[in-house]
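Trainee: Here it is, the structure in full.
The values are calculated or read from the model by the stated rules, or taken from the named source; none is laboratory data. The model shown is predicted, which means the values in this text are computed figures rather than measured ones. Note: ideal-geometry Cβ built from the backbone for every residue, glycine included; neighbour counts use all protein chains shown.
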């Protein structure tokens, strides 16, 4: 299932790219209701390139009841974003999100581009669930869960800006 998710960012693209390199910010941003952040690792990969890895646990309530028995009461999600350096005021990279122990995965691209006084973060990719009979239902649920999580993260980013301001 193809998904495109646009997330408005209340910061200039360069300022947000700076924050994405800060593990404290990433932990704050990804600490949304219904999820616990287990680990955040930000790794420089040469020049302005970097990788952000987040591992979190969420309740299985977000997936269809008919497949909960296969995954238990909690899901571990691992998300990796590999960002290239700045190019013409924008940042681009790849994203992979997997639900550990399940055949569910999102892969695609991520872009951070200037938009008005802020920026726009766009995730574009494919959600795949290799589960006989229930695959399409799980894909739809996974896509909606990702949309809801990113919307909650948008609120967290604004909360960070309200307290810390815009990075230099």
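Trainee: Inspect segment 116-126 for any residue being without any contact (Cβ under 8 Å) to a residue 40 or more places away in the chain and part of a loop (DSSP other than H, G, I, E, B) and give the result as yes or no.
Mentor: Checked segment 116-126: at least one residue is without any contact (Cβ under 8 Å) to a residue 40 or more places away in the chain and part of a loop (DSSP other than H, G, I, E, B).
Trainee: If I ask for residues that are more than 13 Å from residue 6 (Cβ to Cβ) and surrounded by fewer than 17 Cβ atoms within 10 Å (Cβ to Cβ), which ones from segment 118-127 would you list?
Mentor: Answer for segment 118-127, where residues must be more than 13 Å from residue 6 (Cβ to Cβ) and surrounded by fewer than 17 Cβ atoms within 10 Å (Cβ to Cβ): just 126.
Trainee: Could you count how many residues in segment 83-107 are in contact with a strand residue (DSSP E or B) (Cβ under 8 Å, 6 or more places away or on another chain) and in a strand (DSSP E or B)?
Mentor: Looking only at that region, the number is 15.
Trainee: Going by the conditions given, is residue 31 exposed (fewer than 15 other Cβ atoms within 10 Å of the Cβ) and at pLDDT below 95?
Mentor: Judged against the criteria, residue 31 is not a match.
Trainee: Further question on the same structure: For residues that are part of a helix (DSSP H, G or I) and under 24 Å from residue 163 (Cβ atoms), scanning just segment 23-61, find the one that is farthest from the chain's Cα centre (by Cα).
Mentor: Initially, segment 23-61 is screened for residues part of a helix (DSSP H, G or I), giving 23-30, 60-61.
Those still in the list that are under 24 Å from residue 163 (Cβ atoms) too: 23-30.
Details: 23: 14, 24: 15, 25: 13, 26: 10, 27: 12, 28: 13, 29: 10, 30: 8 Å.
The residue in question is 24.
Trainee: Name the residues in segment 82-109 that are touching a residue at least 40 places away in the same chain (Cβ under 8 Å) and within 11 Å of the chain's Cα centre (by Cα), would you?
Mentor: 97, 106
Trainee: So, one more: Restricting attention to segment 85-117, report how many residues are surrounded by 15 or more Cβ atoms within 10 Å (Cβ to Cβ) and at pLDDT below 95. Talk me through it step by step, then tell me what you get.
Mentor: Of the residues in segment 85-117, the ones surrounded by 15 or more Cβ atoms within 10 Å (Cβ to Cβ) are 86, 90-99, 102, 104-106, 108, 110-115.
Now narrow it down to the ones that are at pLDDT below 95: 86, 97-99, 102, 104-106.
Counting residues in segment 85-117 that are surrounded by 15 or more Cβ atoms within 10 Å (Cβ to Cβ) and at pLDDT below 95 gives 8.
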